[in-house]
1. Out of the residues in segment 5-64 meeting the condition of being assigned to a loop (DSSP other than H, G, I, E, B) and of a type in the set (A, V, I, L, M), tell me which one is farthest from residue 93 (Cα to Cα).
2. I need every pair where a residue in segment 245-272 that is farther than 17 Å from residue 15 by Cβ and not assigned by TED's automatic domain parsing to the domain that holds residue 204 has its Cβ under 9 Å from the Cβ of a residue that is at pLDDT 95 or above and surrounded by 15 or more Cβ atoms within 10 Å (Cβ to Cβ), sequence separation at least 6 or different chains.
3. Name the residues in segment 35-65 that are hydrophobic (A, V, I, L, M, F, W, C) and within 20 Å of the chain's Cα centre (by Cα), would you?
4. Could you grab me the full set of residues in segment 241-257 that are of a type in the set (A, V, I, L, M), closer than 19 Å to residue 269 by Cβ and under 21 Å from the mean Cα position of the chain (by Cα)?
5. Among (1) buried (at least 19 other Cβ atoms within 10 Å of the Cβ); (2) closer than 16 Å to residue 167 by Cβ; (3) at pLDDT below 95, there is one condition residue 73 misses while meeting the rest; what is its number?
6. Return the pair list, or none, for Cβ contacts closer than 6 Å from residues in segment 191-206 that are at negative phi and part of a loop (DSSP other than H, G, I, E, B) to residues that are surrounded by 17 or more Cβ atoms within 10 Å (Cβ to Cβ) and of a type in the set (A, V, I, L, M, F, W, C), at least 6 apart or on different chains.
7. Could you pull out every one of the helices (runs of 4 or more DSSP H) wholly within segment 215-305 that has 1 or more residues that are of a type in the set (Gly, Ala, Ser), at pLDDT 85 or above and within 30 Å of residue 96 (Cα to Cα)?
8. Looking at segment 128-141, I want the residues that are charged (D, E, K, R) and have a partner that is surrounded by 18 or more Cβ atoms within 10 Å (Cβ to Cβ) and outside any helix (DSSP H, G or I) with Cβ atoms under 9 Å, at least 6 apart or on another chain. Which pairs are those?
Amino acid sequence: MSRPKKKIIENRIYELAPDKPYFCLSGDEWLISDVLSDRLHFHNHLEIGYCFSDHGFLSFEGDKTIPFQAGDIFLIPRFIPHTTCSARGCRSHWNYLYLDLDMVSRGQLLHISDQGGRISSLIGSYLRLTTEEYPRLHFLCKCLLEEAIRDQQEDLPLFTLYSHLLTEELRRTLHAETRSEVPSHGVFSLKHALEYIDDHYMEPCSTEKLASLCHLSETHFRRLFLSSMHTTPLKYVLQVRIRQACILLKTTKKPVTTIGQMVGINSISSFNRNFQQVMGVSPQQYRSTSNQEILSLKGWLLPED
């Protein structure tokens with residue numbers, strides 16, 4: 001008896017500049033096919049997706065499907081595998097916003113309580129917003145998308161205001177109701193470890209610590225991580241550190257030694273060696289080159305065929 005075909009899950013990465021805590025995909029070209037993709041994907045930031053037309057379904061790990069229709073908005077936290085499929089004969093039109101609400105809070109434009117931890121971790125597996133069930137959240141997400149599409153620096157204070165209002169409304173809404181639990185199989189089992197790495201990459205991230213966050217033995221954790229992420233936990237931590245170093249090299253004038261320390265690699269020789277291994281060039285060469293890719297699985301800039 002042949003083994004079932006192994007599912008491939010893609011890690012799609014959007015890098016946010018320190019002075020711009022969001023990335024927006026908009027335009028008439030963002031039409032979703034009616035052919036279900038054979039690959040799920042997840043992102044490194046909270047995704048806000050707004051459906052303008054037609055209908056279909058979102059598919060999650062474990063073959064769970066959620067219907068959507070024109071006017072729906074979906075909030076999908078980072079590290080939640082999913083894909084979107086339009087109904088047969090349709091090509092639904094979407095806009096997407098990838099957002100770091102915690103980065104907005106660190107901007108200090110407004111001082112609002114950050115009690116409750118990362119908002120993306122509080123949402124659970126997803127949140128479907130309709131005008132009937134969540135009118136306030138729906139309105140705030142639409143406002144955020146509109147401001148992001150303007151994409152002008154002078155609009156950032158207004159974008160920040162809407163982000164803070166969305167954060168506080170989400171906290172109040174999620175505190176008042178119990179969301180469904182995230183399934184504990186597949187890549188979902190790694191969600192807490194992936195979140196921890198994303199938040200604490202500059203600190204020691206031992207396999208023992210990461211496994212304990214997922215309530216798994218080290219052996220099982222390593223096997224599951226390798227199977228799901230196609231790399232080892234420690235190599236993944238290194239990739240995240242180098243990815244962050246790339247952002248700092250391009251957006252700051254800090255010395256290479258300082259940047260290595262900022263991302264958790266204290267030895268300059270280790271930083272140079274690891275950077276060369278991941279990127280294929282030295283940190284200085286990367287800084288002086290404008291067209292280097294950070295990782296092979298960049299987030300989409302155009303819709304899939």
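The values are calculated or read from the model by the stated rules, or taken from the named source; none is laboratory data. Predicted model, so just to flag it, every value in this text is computed and none were measured. Please note: Cβ atoms are built from the backbone with ideal geometry, for glycine as well, and neighbour counts cover all protein chains shown.
1. 17
2. Listed by first residue and then by second, the contacts come to nothing, as the list is empty.
3. Filtering segment 35-65 for residues hydrophobic (A, V, I, L, M, F, W, C) gives 35-36, 40, 42, 46, 48, 51-52, 57-58, 60.
The answer is 40, 42, 46, 48, 51, 58, 60.
4. Here is the first cut: in segment 241-257, the residues of a type in the set (A, V, I, L, M) are 242, 245, 247-249, 256.
Then keep just the ones that are closer than 19 Å to residue 269 by Cβ; that gives 242, 245, 248-249, 256.
If the condition is that a residue be of a type in the set (A, V, I, L, M), closer than 19 Å to residue 269 by Cβ and under 21 Å from the mean Cα position of the chain (by Cα), then 242, 245, 248 are the ones that fit.
5. Answer for residue 73: the failing condition is (3).
6. From segment 191-206, the pairs are 201/240; 202/263; 205/197; 205/237.
7. Numbers: elements: 218-229, 233-251, 256-262, 268-279, 283-288.
It comes to 233-251.
8. From segment 128-141, the pairs are 128/58; 128/68; 128/72; 128/73; 128/74; 128/75; 128/134.
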